[in-house]
1. Output the residue which, of all residues in the stretch 53-82 that are crowded, with 17+ Cβ neighbours inside 10 Å and within 18 Å of T21 (Cβ to Cβ), is nearest to the chain's Cα centre (by Cα).
2. Considering every residue within the stretch 189-211, establish whether at least one is more than 19 Å from D10 (Cβ to Cβ), hydroxyl-bearing (S, T, Y) and modelled with pLDDT of 95 or more.
3. Yes or no: E168 of a type in the set (D, E), surrounded by fewer than 22 Cβ atoms within 10 Å (Cβ to Cβ), assigned by TED's automatic domain parsing to the domain that holds I129 and within 18 Å of K110 (Cα to Cα)?
4. Given the options A187, A216, A159, name the one that is of a type in the set (A, V, I, L, M, F, W, C), closer than 23 Å to K106 by Cβ, buried (at least 22 other Cβ atoms within 10 Å of the Cβ) and assigned by TED's automatic domain parsing to the domain that holds K108.
5. Looking only at the stretch 129-142, count how many residues are in a strand (DSSP E or B), surrounded by fewer than 18 Cβ atoms within 10 Å (Cβ to Cβ) and not hydrophobic (A, V, I, L, M, F, W, C).
6. Any residue in the stretch 1-17 that is closer than 19 Å to P167 by Cβ sitting within a Cβ distance under 7 Å of a residue that is of a type in the set (V, I, T) and not in a strand (DSSP E or B)? List the pairs, counting only those 6 or more apart or interchain.
7. Return only the number of the condition from (1) outside the structural domain of F137 (by TED's automatic domain parsing); (2) more than 23 Å from P76 (Cβ to Cβ); (3) surrounded by 22 or more Cβ atoms within 10 Å (Cβ to Cβ); (4) not aliphatic (A, V, I, L, M) that T21 does not satisfy.
8. Name the residue, out of E202, E145, E226, that is surrounded by fewer than 16 Cβ atoms within 10 Å (Cβ to Cβ) and under 19 Å from A121 (Cα atoms).
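The values are calculated or read from the model by the stated rules, or taken from the named source; none is laboratory data. This is a predicted model, so every value here is computed, not measured. Cβ placement follows ideal geometry from the backbone for every residue including glycine, while neighbour counts extend to all protein chains displayed.
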Amino acid sequence: MLKAIFFDIDDTLYDSTSLTTMARKNSIRAMIDAGLPVSDEEELSKLLEKVIQKFGSNYSRHYDELLKELGVAWNPKIIAAGVVAYEHTKAGYLKPFPRIVPILLKLKEKYKLGVISNGLAVKQWEKLIGLGIHHLFDVVATSEELKYEKPQKEIFEFAVKKLNLKPEECAVVGDKLDSDILGGNRAGMHTIRILKGKHRNEKPASKAERPDFEIADISEIFEVLEKMK
């Protein structure tokens, strides 16, 4: 019998792909307006993506590194313009997917709810608090705190044990096959893939990445839960 449902955050509870895309575009435009001596937005976008891939999304000095890549002297005004534009755009786009809140409230009537997320703990909590849904979860497991990250089964096992449950009594919902689904399968949980964001067209690389169910919208979760009975 299913007793708990765990969720990923990005592109599962909110449109992370659109937020990131727009925030980066706006930050580049702001840096150009602040005096960045390169005006090709497409070139800058590709270079910024390269920097982010090199240093990781949690690195705090992407724009400093961007200037280095361009051979431009460090300029606090230009860097600050990028940071402010990014944060302002982020604030505007950080909204739950439609129907997420009422669906979570309905699920909470019957199931324990949790979050399993890779990344810095404070950043993940910022997202949940900014989305206005932090109070709906009984446990939030982050890779920074646990020193394990998806798809390692240990982060899933921690979340399950935190609720005094067994893996087969839990389901995980996420958008990424190689982390959410693979990790959930390794831990012996039910897995539900939501087809959102930049990973929605990817195919499983192995049997271990195949989800038990796929949904195009979070509202379809109730049909899936009925099938699990």
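1. The qualifying residue nearest to the chain's Cα centre (by Cα) is H62.
2. Yes.
3. Numbers: of a type in the set (D, E): yes; surrounded by fewer than 22 Cβ atoms within 10 Å (Cβ to Cβ): yes; assigned by TED's automatic domain parsing to the domain that holds I129: yes; within 18 Å of K110 (Cα to Cα): yes.
Yes; evaluated as a whole, the condition is true for this residue.
4. Numbers: A187 fails: closer than 23 Å to K106 by Cβ; A216 fails: buried (at least 22 other Cβ atoms within 10 Å of the Cβ).
The conditions single out A159.
5. Initial filter on the stretch 129-142 (in a strand (DSSP E or B)): 139-142.
Applying the additional criterion that residues be surrounded by fewer than 18 Cβ atoms within 10 Å (Cβ to Cβ) yields 139.
Checking which are not hydrophobic (A, V, I, L, M, F, W, C) leaves us with none.
Number of matching residues: 0.
6. Between residues of the stretch 1-17 that are closer than 19 Å to P167 by Cβ and residues that are of a type in the set (V, I, T) and not in a strand (DSSP E or B), there is no close pair.
7. T21 satisfies all of (1) outside the structural domain of F137 (by TED's automatic domain parsing); (2) more than 23 Å from P76 (Cβ to Cβ); (3) surrounded by 22 or more Cβ atoms within 10 Å (Cβ to Cβ); (4) not aliphatic (A, V, I, L, M) except (3).
8. The match here is E145.
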